[in-house]
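> Take a look at this one; I'll ask things after.
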Amino acid sequence: MGFIHSFRTSRLRKGRRTRAQAMVEFGLIALLFVLMMFGIIDFGMLLNGWINVSTGSAAGARWAALGNRVDDTTKLGIYSQAKASAIVPGLSTSNITMLVTYTSQTNAYSQTTYCRGNTTPTVQVNGTAVTCASEPGLTPSFNPPDPRSSPAVLPTAGDSVQVTVIADKFEVITPLVRPFFGCAPQSTQPCYVPLTSATTMRFETAQ
């Protein structure tokens, strides 16, 4: 009888250890699974945001290639076209910066960039500082491209126009994803990722 009792006690203890071990393993696996799920969601939202920004730059570039102006007059300007297409979930359109760059194929004028949604004279684009053109407040209203800007711009058919759209303050929250963008995994500081896309087209005609 003593042998049977000892055998049963041993099996009972072994069963308890097995269940405890299984619970610990499940907890670790569940934690990793949840972190992976959040990482997939973060990357999915990041990709979706970049696709929208890319669509905005393409729409703006097409509108610019047709000879339309940067700002709103009697119809949508390039900036409004780009903003309307670059809708990033969770971001206000006030976080959208647009750059319109004109380049002459005959060197008739210097490469010139007009900036919108930005209040500084330079804009960082993928680590490179881009200088915005000077736009004097003249009458009639100044609406580039315009030969009165500095540098002066008067694009003609065959020149190239590039529209760059930047969506600032897209926040990444998953600890596993944050290090990919230079943020500390456990930091309480927000991890903002600028989404940038540029589209270049051939200027067709001035309207």
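Bear in mind these aren't lab numbers, they're just calculated from the coordinates by the rules spelled out. In this text, all values refer to a predicted model and were calculated from it rather than measured experimentally. Note: ideal-geometry Cβ built from the backbone for every residue, glycine included; neighbour counts use all protein chains shown.
> By how many degrees, between 0 and 90 and to the nearest 10, does the Cα long axis of helix 2-65 differ from the longest principal axis of the chain?
Helix 2-65 sits roughly 10 degrees off the main axis of the chain.
> If pairing requires two Cys Cβ atoms under 4.7 Å apart, which cysteines of the chain are left without a partner?
So far as the 4.7 Å Cβ criterion goes, no cysteine stands without a partner in the chain.
> Taking amide H atoms as placed 1.01 Å from N in the peptide plane, list the residues 5 or more away in sequence, or in a different chain, whose amide H sits under 5 Å from that of V193.
Result for V193 returns K169, F170, E171, V172.
> Under the rule of at least 5 residues apart or a separate chain, name every residue whose amide H is placed under 5 Å from the amide H of T122.
C132
> So, one more: Under the rule of -39500 (n - 2.57) per DSSP H run of 4 or more residues, summed and divided by the residues of the chain, what mean residue ellipticity at 222 nm is obtained, to the nearest 500 deg cm²/dmol? Write down the numbers at each step before the final one.
On the way: 2 runs with 72 residues, N = 207.
When only DSSP H runs of four or more count, the value is -13000 deg cm²/dmol.
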